[in-house]
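Visitor: Pasting a structure below so you can have a look.
The values are calculated or read from the model by the stated rules, or taken from the named source; none is laboratory data. Bear in mind that the values here come from a model prediction, so they are computed numbers and not experimental data. Using ideal geometry, Cβ is built from the backbone for each residue, glycine included, and neighbour counts are taken over all protein chains shown. Ligands, DNA and RNA are stripped out before the accessible areas are found, and what is left, the full protein with its side chains, is counted by its heavy atoms. Shrake-Rupley method; radii C 1.70, N 1.55, O 1.52, S 1.80 Å.
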Amino acid sequence: MKLNEKSVAHYATCNSPPDKTGFLFKKGERNTAYHRRWFILKGNMLFYFEERESREPIGVIVLEGCTVELCESESEEFAFAVKFDCVKARVYKMAAENQAAMESWVKALSRASFDYMRLVVKELERQLEEVQEEARSSQAKNKPKKHQPQVQGATFSLQNAAITGPSQEGVSSRENGVSWSKPTSVPNGVSEGSVWEGDFCGRGDGVKPPPVPPRRKTNGGSPESPVSPGTGCFSKLHEWYGKEVAELRIEWMQSK
Amino acid sequence: MRFNEKELVFLSRQPPERAAELGMRGPKKGDVVKRRLVKLIVNFLFYFRTDEDEVSVNQSQWHRYHYCYRYLFLDEAERKYLFECDSQEQCEEWIDAVVKASYEFMRKNLIYYRTEIHRLTGKDPLEQYGISDETRFQVNSGLPPPPT
């Protein structure tokens, strides 16, 4: 399999802020001794370098679909393992320098997957809708005292979210104990025919990226369903957001 | 650079967000458009040779993306890819999917929702899940570090 290594390695060292960095001991593949390596976690990729100053990573571990467990090691204290579901998968054994570091890494790695991030986003989107709905209905009722919309908590566990396939419309439960009422889509800000600069590498001037336009329902509470990537509603999306995105971009460019 | 290939191959066989046979032209000079089975799974774009099982993958962190009619242009820092779709509609669906298949895009959405909910309710929605301190969910995430 070919990976776009140069690009991926560039992602490791470009100036977008990493999610976590630090030294860890990593058990070698052939040479089973533990080697001290510098680790950089960005998104769902864990890069490791020979030294902190090294310009290129020795390797990367894609964390999608992994589980992270504490493990017993004969030689190392504070050891943990990154495991995958697939047949003959390699187990990555690592060790931290102290208890706090180990716990911190285990937490960070087990929540690093794209799938996990997507689940959290969907949940927050649902909560925001609820909050907005409460605010709308309380305004309609015109209550005399101030109404505090409550955030409804869903019972779900965010430990070690394992990939069970990307979210699909109508999925209502998952193996890891997460359950959702209605999956909804994420807003985007792409307008037709224009060039959209991905700014994941960040800019050196500290300018904030443009805000993502919020999802909106059409006026009059029509029963139109939320747009989703699978239903080809891009032209609708374009209409709804195109104007706002164009305005936002102009605003943002002018503020730079 | 080493990478966990077996796990990526396994990932390439999971249900995709989007998959289609598209024309694809690679970044090298002299590359021509070839038919490839293209699959978008989480933030990876896998492409399979239609006659063989061989698969390549690009981690989906495009520097630039734009489209024109039914052609989708995805650029890495120095390399440009072209995808030829069957229709403008299909092209629009793909760019929509590719935009959303970005970790940073997801993160920005999360921060947006978190901030909004906090603004409207005074409560941090991540607190009840014990993840409000995670670096990756901080409101100033995604920005470059201040110059030293």
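Visitor: Would you tell me the mean number of C-beta atoms belonging to other protein chains that fall within 10 Å of each C-beta in A:9-17, as a whole number?
Guide: Mean partner-chain Cβ count within 10 Å for A:9-17: 4.
Visitor: Applying 1/(1 + (r/R0)^6) with R0 = 35 Å to the Cβ-Cβ distance of A:Arg90 and A:Thr13, what FRET efficiency is obtained, to the nearest 0.05?
Guide: 0.90
Visitor: Rounding to the nearest 10 and keeping the result within 0 to 90°, find how far the Cα-based axis of helix B:88-100 lies from the longest principal axis of chain B.
Guide: Around 40 degrees separate the two axes.
Visitor: Roughly how many debye, to the nearest 20, is the charge dipole of the stretch B:5-101 about its Cα centre, given +1 on each Lys and Arg Cβ, -1 on each Asp and Glu Cβ, and no other charges?
Guide: 260
Visitor: Ballpark to the nearest 100 Å², how much total accessible area do B and A bury together, probe 1.4 Å?
Guide: So the total buried area for this chain pair works out to about 7800 Å².
Visitor: Along the charge dipole of chain B, which of B:Ser87, B:Asn43, B:Tyr67 sits closest to the positive end, that is, farthest toward it, with unit charges on the beta carbon of Lys, Arg, Asp and Glu (+1, +1, -1, -1)?
Guide: Result: B:Tyr67, furthest along the dipole toward the positive end.
Visitor: Could you do me a favour and compute the accessible area per residue for the stretch B:5-101, 1.4 Å probe, result in Å²?
Guide: Accessible surface, normalised per residue, equals 44 Å².
Visitor: Pick out, from A:Phe49, A:Ser16, A:Val62, the residue whose Cα sits farthest towards the positive end of the charge dipole of the stretch A:1-147, with +1 on the Cβ of Lys and Arg and -1 on the Cβ of Asp and Glu.
Guide: With unit charges placed on the Cβ atoms, the residue in question is A:Ser16.
Visitor: A follow-up question, please. Select from the stretch B:1-77 those chymotrypsin sites (Phe, Trp or Tyr not before Pro) which occupy a DSSP coil region and have at most 12 other Cβ atoms within 10 Å, ordered by residue number.
Guide: B:Tyr69
Visitor: Note down the net charge around A:Ile40, summing +1 for each Lys or Arg and -1 for each Asp or Glu among other residues with Cβ under 14 Å from its Cβ.
Guide: After counting each charged neighbour, the total is +2.
Visitor: Let me know the volume per residue of the alpha-carbon convex hull for the stretch B:5-101, in Å³.
Guide: It is 99 Å³ per residue.
Visitor: What does the C-alpha gyration tensor say about the overall shape of the stretch A:99-144? Classify as rounded when a/c is under 1.5, otherwise prolate if a/b is larger than b/c, or oblate.
Guide: Cα axes put the stretch A:99-144 in the oblate bin.
Visitor: Please state the relative contact order of chain B as a whole percent: Cα pairs under 8 Å, 6+ residues apart?
Guide: Across chain B, relative contact order equals 15 percent.
Visitor: Where does each of A:12-21, B:127-136 land if you order them by average Cβ count within 10 Å, highest first?
Guide: Final packing ranking: A:12-21, B:127-136.
Visitor: In addition: Round to a whole number: what % of the accessible area of the stretch B:1-124 belongs to carbon and sulfur, probe 1.4 Å?
Guide: 47
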